[in-house]
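Quick notes on the structure that follows.
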Amino acid sequence: MPRLATRKRQADMSEVQVTPLSSARVGNTGIVERIDLPEEVGNYLAHLGFLPGTHVEVLRRAPAGDPTVYRIDGVEVGLRNETARHIFLKLSATEARI
Amino acid sequence: MSCHTPVLEPLEQAPPAPAGTKSRLRTVALIGPPNAGKSTLFNRLTGMRQKVANYPGVTVEHHSGRMKSIGRNDLTLIDLPGIYSLATYSEDARVAVDVLTGKMPGVPRPDCVLLVLDATHLNRQLMLAAPVFSIGLPTLVLLNMADQMEARGGVLDTLALARELGHPVALISAAQGKGLEVIPDFLLQADTTLAHNLRPVQLPVLQSPASCRTWATQVSSRTNYQSPAASLWTRRLDSLLLHRIAGPLFFLAVVFAVFQVVFTLGQPLSDGLGTILTSAGAKAALMLPDNWLRLLLRDGLWNGVQSVLVFLPQILLLFLFIGVLEDSGYLARAALIADRVMRSIGLNGKAFIPLLSAYACAVPAIMATRTIENKRERIATILIAPFMTCSARLPIYTLIIAAFIPNRMFVGGVVGLRALVMLGLYALGFLAALITAKLLNSSVMKANAAPFILELPQYRWPTLRSLALRLYDRGKLFLKKAGTVILGVTFLVWVMSVLPVHFATGTAHVSDLTASIIGHLGRFIEPVLRPLGFNWKIGIGLLSSIVAREVIVGTLGTLYGVDPTTHSLGLQAALRHDMTLGGAIALVVFFAFAMQCTSTLAVVKRETNSWKFPAMQFTYMTVVAYTAALITNQLILHLF
């Protein structure tokens, strides 16, 4: 995972687009930019891997469209959009153009 | 590395171990992130059987056991709830940290630590290592799930890791029992050289998640760790099981399949067991003298206990399904699917897992609510959990359904009427829970939005061993209950059904059922229950089932066994003879809602630390049950 993350980060240099995690589409990947959540929630998420600089992939949405499953650091985590809205993602260049 | 500092004494300064002294080591703690396999390892090392399953948050208490399986009876192993860090947010995590740091009253401070980490995503799991090492106890790092690592092609170097961490490291598989021989070696070493071979280790000073993370990433990249590829099967299965349409359909199909199997496979097994038990009882009775002893043993106790025992096959089938769902990792997916519904009633999706486990039994479910961080949401979940149809309702449900609902099949023999009625009863309980939660949220508990954060474990095949052990434990529990609570209540009911004894012309005559104490008591309460379509025997059954729900079947077995008019009939036939359809359906509806369980009341009292909630819950559920049963009986009475 770390090697992959570095490669993506280099790709981002050309074109950078920051978006809330909740707006990213299924299949998108990117690097966590910042997290605007109360400390308690932020710490919990940090222990699951949601920290600036980590590589994230939007895996799939639950049948009702929410929550969404993200793959972070080899682990799948389900988050409601109301939480994912406060996590900001630097989209990988290829997807940013789509 | 400027923010790192050595926290442990270097090797040269360690005091030499005094030779020949008695074991200094007494208590060993198991610690690690949620769902890393601590309880599986605990069970392996102690030979005990704490509940294990494939989702985070199964263990919510600390458990202790002697390390018998590795021949160390002198050592106590403590299993702890999973934690992500020493900064705690939920009640179960606080228990773990308190025990680990020696602050838990009544639990000795551990002398050494087994740190269990999931080897398949070490980057993240190592974040816990730094805070645990900083406690300063001898620690063995166990990287669990070696089987998964191998199968999915992960790479790790235990020697390099041990050098980096300054603590011994071993790769194990707790589920398969592989690699565990390092544990006794470590314990011997820890015993003689307690704090002896610790090397200085660079630990993050501030221990903020970010600094722990940086450290963990550095350690894993320096040791050339490569996480295994994502399980292809998990991806494939999830694209089907979490599919927009197929996902919820599969969920419903699974639930329905459970009930269908309980009837199509469970009922014949149960009938067969009934025949065997009845004839065994009859044969045994022939050997007894024809007096009060035979009456007591056969008509009283055997009839009562046997009528509960016959449900063993159905209970085991139900738990087989629950076991497969829990061990495979599907439960977390079900929580994801259900989150939308949970949110609409103001509950955290996290509440779904305790609520699902309430389908087995409300007691562990109420304890599992400790994983819910928000206090008000936790209490709301505790209050609605007993509405979920627990396995103790299964005997009375299947008894009434088998006696009153014809065995019709629809859609080419796939969908059975009996299974449908059963599904309806389960849905009724769930609906009551939803409405209650909604009421609680709009009045008593205005919950502020706690975030829904759910880790999805990889799918795993449930092992035969773990399923077999689950069934064995369940069967034992059920038989134990039949042999204690149900036997006791049955005995009491029988005694009250033959007293007072009349002495006439030198011989003793037992009372007729209607003239007995229980007959009087039954007819005293009958007026209240008449509108529900219950006769006095059902009333006594209801009274006795306040102890536990299954007891009603035992009581009815005894009462109908003692009654000369129904003596020779089986319990099903006796009920058909004695109840209307309306009364019978009203009875199961009553059970869908009523709080007939002293264990649940006790655990609610313990977990909420007040009598207010159990009292409120009991009153509310009884009122709902009475009203619903009344409406059901009157509707059926006037419609048919």
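Here, each number is a calculation from the coordinates, and none is a lab measurement. Source: prediction; values computed, not measured. We place every Cβ from the backbone using ideal geometry, glycine too, and count neighbours over all the protein chains shown.
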Positive minus negative residues near B:L425 (Lys, Arg vs Asp, Glu; Cβ under 14 Å): +3
Chain B: C-alpha pair distances exceeding 36 Å, %: 47
Percentage of interatomic Cα-Cα distances in the protein assembly as shown larger than 37 Å: 47
Shielding by partners, peptide B:327-333 (average Cβ within 10 angstrom, other chains): 1
For residues of A:76-84, the mean tally of beta carbons on other chains within 10 Å: 6
Globularity index of segment B:77-124, i.e. its alpha-carbon radius of gyration over 2.2 N^0.38 Å: 1.21
Over segment B:456-555: Rg over Rh, Cα atoms, Kirkwood Rh: 1.26
Nearest 10 degrees, 0 to 90: helix B:464-481 Cα axis against chain B principal axis: 40
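So in chain B, what percent of DSSP beta bridges are antiparallel if you round to the nearest 5?
Bridges in chain B are about 45 percent antiparallel.
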Radius ratio Rg over Rh of segment B:295-353, counting only Cα atoms, Kirkwood formula for Rh: 1.34
More than 15 angstrom apart: percent of Cα pairs within segment B:556-617: 64
Cα-based Rg / Dmax (Å) for segment B:244-306: 20.3, 67
Shielding score for B:456-467, defined as the mean number of other chain Cβ atoms within 10 Å: 1
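Considering only segment B:30-121, what is the antiparallel percent among its DSSP beta bridges, to the nearest 5? Please report the intermediate quantities before stating the final value.
On the way: 5 of 8 bridges.
Percent antiparallel among DSSP bridges in segment B:30-121 is about 60.
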Per-residue [θ]222 nm for chain B (sum of -39500 (n - 2.57) over DSSP H runs n ≥ 4, rounded to 500): -16500 deg cm²/dmol
Per principal axis, descending, Cα span of segment B:391-480 in whole Å: 47, 37, 35
Percent RCO, i.e. relative contact order, over segment B:43-123, from Cα pairs under 8 Å lying at least 6 residues apart: 19
Relative contact order computed over chain B (Cα-Cα under 8 Å; 6+ residues apart), in percent: 13
Rounded tilt (10° steps) of B:417-442 against the dominant C-alpha axis of chain B: 60
log10 of Debye I(q)/I(0), alpha-carbon scatterers only, for segment B:56-135 at 0.11, 0.15 Å⁻¹: -0.30, -0.57
Prolate/oblate/rounded label for segment B:38-100 (Cα gyration tensor, a/c 1.5): oblate
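Of the DSSP beta bridges with both residues in the protein assembly as shown, give the percent that are antiparallel, rounding to the nearest 5.
So the antiparallel bridges amount to about 70 percent of the total.
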Calculated Rg and Dmax of segment B:289-433 using C-alpha coordinates, Å: 19.1, 64
Qualifying aspartates and glutamates (Cα of each under 15 Å from Cα of B:K481; at least 8 residues distant if same chain): B:D473, B:E550
Percent of C-alpha pairs per 5 Å bin, segment B:514-640, short to long: 2, 11, 17, 22, 19, 13, 9, 4, 2, 0
10 °C / 1.306 mPa s Stokes-Einstein diffusion coefficient of segment A:36-98, Kirkwood radius on C-alpha pairs, µm²/s: 128
Using alpha-carbon coordinates, inclination of helix B:598-608 to the longest axis of chain B, degrees: 40
Selected from B:G266, B:L241, A:V77, residue furthest toward positive end of dipole (the protein assembly as shown; charges at beta carbon): B:L241
Protection proxy ranking, peptides B:328-335, B:624-631, B:286-293, average beta carbon neighbours within 10 Å, highest first: B:328-335, B:624-631, B:286-293
As computed over segment B:537-585, the Cα convex hull volume per residue (Å³): 70
Dipole axis of the protein assembly as shown (+1 Lys, Arg; -1 Asp, Glu on Cβ), positive-most option in A:T29, B:V324, B:V169: A:T29
